[in-house]
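Colleague: Please read through the structure below; I'll follow up with questions.
The values are calculated or read from the model by the stated rules, or taken from the named source; none is laboratory data. Predicted model only: the values in this text are computed from it and were never measured. Note: ideal-geometry Cβ built from the backbone for every residue, glycine included; neighbour counts use all protein chains shown.
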Amino acid sequence: MHLPDGYLSPETTLPALAVMLVVWYISFKKIQLIHNQALIPSIALCAAFSFILMMFNIPVVGGSSAHAVGAVLVAILVGPWAAVLAVSTTLIIQAFLFGDGGILAIGVNCLNMAVIMPFSGYAIYRLISGKATLGSKRNSVAVFVAAYIGINLAGLAAGIEMGIQPLFFKAANGAPLYGFYSLAVAVPAMLFTHSLFAGPLEGVISVLALGYVVKFAPHLVVREAQRNIDNLNSQGWLAKNKAVLAVFIGAIILSPLGLLTSGTAYGEWAPQEVKQLIGYIPAGMAQHADKWHALMPDYSLPKFGAGFMSQSMGYVLSALVGILVISALILLSAKLTRRLENRN
Amino acid sequence: MCQHDSIPSWLLKPAQNLPIKSSNRLNFLRKTIQHISAIFSNELYLSLEANKAGFLQQIDPRCKFIVLLSFILITNFAQSFGLLGILFIISCLYAKLSKILIWRLVKRVWLVIPLFLLICSIPALFNQVVVGKELVVVLAANPLRSIFPNGLYISDNGAQTVGLLFLRSGISLSFAYVLMVTTPWHDLTKGLSLLKVPVGFILILEMTYRYIFLLSNLALQMSEARFLRSIGKLSHRENRRFLGHAIALLFIKANYLATEIFSAMRLRGYTHKVVSLKTLRLRVTDWVFLVNNLLILIVLFILTRG
């Protein structure tokens, strides 16, 4: 997943570097605020730890081996902000001393493996684990799922960064200037390897490692968990649910990517598309097709016209409305269930 | 209690040196040991190269950092073979002047990531991925054939794309390699701190670098101990369990060390400030190097626009 220089355009790597400068600044401030300087040696050791972790080869099927990233594990052990600094330091040292990953690409690589991976993983871990005790079954499941999804999201981000290159950066004669594999190739390729190999590995190793720490040095994790719970209790609703909101907002912003893909999601065909695919429109589908007129047909607003920007706007708005409706439905059903339970 | 009688017969047999198969289940341990050892040999190699009396070794790390980073930047913007050719010659020239053997540059840079990229890019040479004019025809167009009715050929655009990608990644890496080989790590971080990178961040980088060797040693010992004690085939499950535990043990030890080290630092008067024994001052040669390269970069920049 370490992207080298030359494969991505500077128009991609430089903004990512700029974003990372801001993220590094914020995480530094956070660390100083929460833990003061005492955490600097710990972060350095965590960085060295994450470096060595990438050196460990893990046996996979067929006698071969692969390595884990461990960003989610580090985030669970020392918190996501410290994980940002630790994994970033590792990636910087790898780029400068081992030529692993490009120097201009440091921003992109850090964004994938030191921000997206620990934050998404940590948010999922907190969401699933809830108040379950450390080392319990639910907690272990949470660690596994968090590590699995974390590394897959990082892989997905790398796939998207590679896949958008041929769309935006072309020579006058139409030849791609940088990466040439389109989204339709890069994203499935990355997801295939990560969901089948790297993801399960990352999950298993994270569960085993955390289980060992909980068993033999529980104070290390308990202290952190207690601090997090204290922080949570003293925060408002917005602060408590920040991580979940960030994932939602990210999903909304990324939703125009759907415009770039040429096909329709599997199973979401309109009657005409079904006809193209299988040669006829199933009778039932034809009968019911006109009964439902969407508020926002094809995720766009009729008033906005058909340009890419307006289509993107329509997409973002549709995503927003969709999420609001879904959230409202979930909350409503939860409330109903609770009321029914109380009555019983 | 005497156990002589109960020694199993297989232990009394002379040792047999069986060839180790590549599918050996302990292969992952050997790979881990190799990877960790590579860190030490890399450090040894870098310090040997950095101590040579070459040209770039004499230049101030700040100037070197700015100039070589600018070269990497311009390489990434380059869209023509001519410009990349010039940049390639510049990278080789600096390597030669800094007493880096060219075959070493080829072996450690060009034959690793650029070669891997080149192999991954082979499909892009063909018209199925990047369309363009025919360059080398593999299969002529035949509308009756079920696969490749338009023919299969290496397109000019495909060759151009793959060539640019290969050269760009190789040249960027060459400049990065020249920088890391001619600058000791402490000089690089010192240079970064003088370029106004926050002290805390430099501190983390500096400490991480040292801890890497400490933890590597620990990890190496753990893996070697396990490797030497393992006989026969162990299940994947058992191996994964060992690795999970080894990783966790490393974390516990690292955490213990971190608190110990911080207390030791405090007791020795640590005040959150970085003190370096070496003071860096720009000399005439550094200024000449900086101005010279600035001129080269301006010319190259005009070339990219043209």
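Colleague: Looking at segment B:112-130, which of its residues are exposed (fewer than 14 other Cβ atoms within 10 Å of the Cβ) and farther than 15 Å from B:GLY163 by Cβ?
Modeller: Within segment B:112-130, B:PHE116 is the sole residue that qualifies.
Colleague: Something else now. Based on this model, can you work out whether B:ALA258 counts as of a type outside the set (D, E, K, R), within 7 Å of another protein chain (Cβ to nearest Cβ) and in contact (Cβ under 8 Å) with a residue 24 or more places away in the chain?
Modeller: No; evaluated as a whole, the condition is false for this residue.
Colleague: List the helices (runs of 4 or more DSSP H) inside segment B:44-133, counting only whole elements, that have at least 3 residues being touching a helix residue (DSSP H, G or I) at 6+ places or on another chain (Cβ under 9 Å) and within 13 Å of chain A (Cβ to nearest Cβ).
Modeller: Filter on segment B:44-133 gives B:61-77, B:81-97, B:113-120, B:122-125.
Colleague: Now for a different question. A:TYR148: over 16 Å from A:VAL69 (Cβ atoms) and either touching a strand residue (DSSP E or B) at 6+ places or on another chain (Cβ under 8 Å) or buried (at least 19 other Cβ atoms within 10 Å of the Cβ) (or both), yes or no?
Modeller: No: the conditions fail for A:TYR148.
Colleague: Quick one: count up the residues across segment B:177-213 that are hydrophobic (A, V, I, L, M, F, W, C) and over 17 Å from A:ILE43 (Cα atoms).
Modeller: Selection size over segment B:177-213: 10.
Colleague: Any chance segment A:56-71 includes a residue that's at the interface with chain B (Cβ under 8 Å from one of its Cβ atoms), under 18 Å from B:LEU214 (Cβ atoms), crowded, with 24+ Cβ neighbours inside 10 Å and at pLDDT below 85?
Modeller: Yes, because at least one residue in segment A:56-71 is at the interface with chain B (Cβ under 8 Å from one of its Cβ atoms), under 18 Å from B:LEU214 (Cβ atoms), crowded, with 24+ Cβ neighbours inside 10 Å and at pLDDT below 85.
Colleague: Something else about it: Looking at (1) of a type outside the set (Val, Ile, Thr); (2) surrounded by fewer than 18 Cβ atoms within 10 Å (Cβ to Cβ); (3) away from chain A (no Cβ under 14 Å), which is the only condition B:TYR153 fails?
Modeller: (2)
Colleague: Just for segment B:64-73: of the residues that are crowded, with 21+ Cβ neighbours inside 10 Å and over 18 Å from the mean Cα position of the chain (by Cα), which one is nearest to B:GLY170 (Cα to Cα)?
Modeller: Among residues in segment B:64-73 that are crowded, with 21+ Cβ neighbours inside 10 Å and over 18 Å from the mean Cα position of the chain (by Cα), the one nearest to B:GLY170 (Cα to Cα) is B:PHE71.
Colleague: Being over 24 Å from the mean Cα position of the chain (by Cα) and more than 9 Å from chain A (Cβ to nearest Cβ): is that true of B:VAL199 here?
Modeller: yes
Colleague: When you go through (1) more than 9 Å from chain A (Cβ to nearest Cβ); (2) touching a residue at least 40 places away in the same chain (Cβ under 8 Å) one by one for B:MET180, which number turns out not to apply?
Modeller: (1)
Colleague: Step by step: first the residues of segment A:135-157, then only those that are of a type outside the set (Val, Ile, Thr) and within 14 Å of chain B (Cβ to nearest Cβ), then the one that is nearest to A:LYS215 (Cα to Cα). Which residue is that?
Modeller: A:GLY135
Colleague: Let me ask you something else. Report yes if some residue within segment B:212-231 is facing chain A (nearest Cβ under 7 Å) and among the hydroxyl-bearing types (Ser, Thr, Tyr); otherwise report no.
Modeller: yes
Colleague: Go through the residues of segment A:215-236 one by one and say whether even a single one is at pLDDT 80 or above, touching a Gly at 6+ places or on another chain (Cβ under 6 Å) and surrounded by 12 or more Cβ atoms within 10 Å (Cβ to Cβ).
Modeller: For segment A:215-236, residues at pLDDT 80 or above, touching a Gly at 6+ places or on another chain (Cβ under 6 Å) and surrounded by 12 or more Cβ atoms within 10 Å (Cβ to Cβ): absent.
Colleague: Can you tell me which condition A:ILE160 does not meet? The list is (1) within 14 Å of another protein chain (Cβ to nearest Cβ); (2) more than 25 Å from A:LEU53 (Cα to Cα); (3) of a type outside the set (Gly, Ala, Ser); (4) part of a helix (DSSP H, G or I), and all the others hold.
Modeller: All conditions pass for A:ILE160, except number (1).
Colleague: For segment B:168-207, what are the residues that are among the β-branched types (Val, Ile, Thr) and touching a helix residue (DSSP H, G or I) at 6+ places or on another chain (Cβ under 8 Å)?
Modeller: B:ILE171, B:VAL178, B:VAL181, B:THR182, B:THR183, B:THR189, B:VAL199, B:ILE202, B:ILE204
Colleague: Please verify whether B:LEU195 is assigned by TED's automatic domain parsing to the domain that holds B:ARG30 and either at pLDDT 80 or above or in contact with an Asp or Glu (Cβ under 6 Å, 6 or more places away or on another chain) (or both), treating the condition exactly as stated.
Modeller: No.
Residue by residue, here is whether (1) under 16 Å from the mean Cα position of the chain (by Cα); (2) free of Cβ contacts under 8 Å to residues at least 40 places away in the same chain; (3) more than 7 Å from chain B (Cβ to nearest Cβ) holds:
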residue: A:PHE49; (1), (2), (3): no, yes, no
residue: A:ALA75; (1), (2), (3): yes, no, yes
residue: A:ALA82; (1), (2), (3): no, no, yes
residue: A:THR90; (1), (2), (3): no, no, yes
residue: A:GLY102; (1), (2), (3): no, no, no
residue: A:MET113; (1), (2), (3): yes, no, yes
residue: A:MET117; (1), (2), (3): yes, no, yes
residue: A:ARG126; (1), (2), (3): yes, no, yes
residue: A:ALA132; (1), (2), (3): no, yes, yes
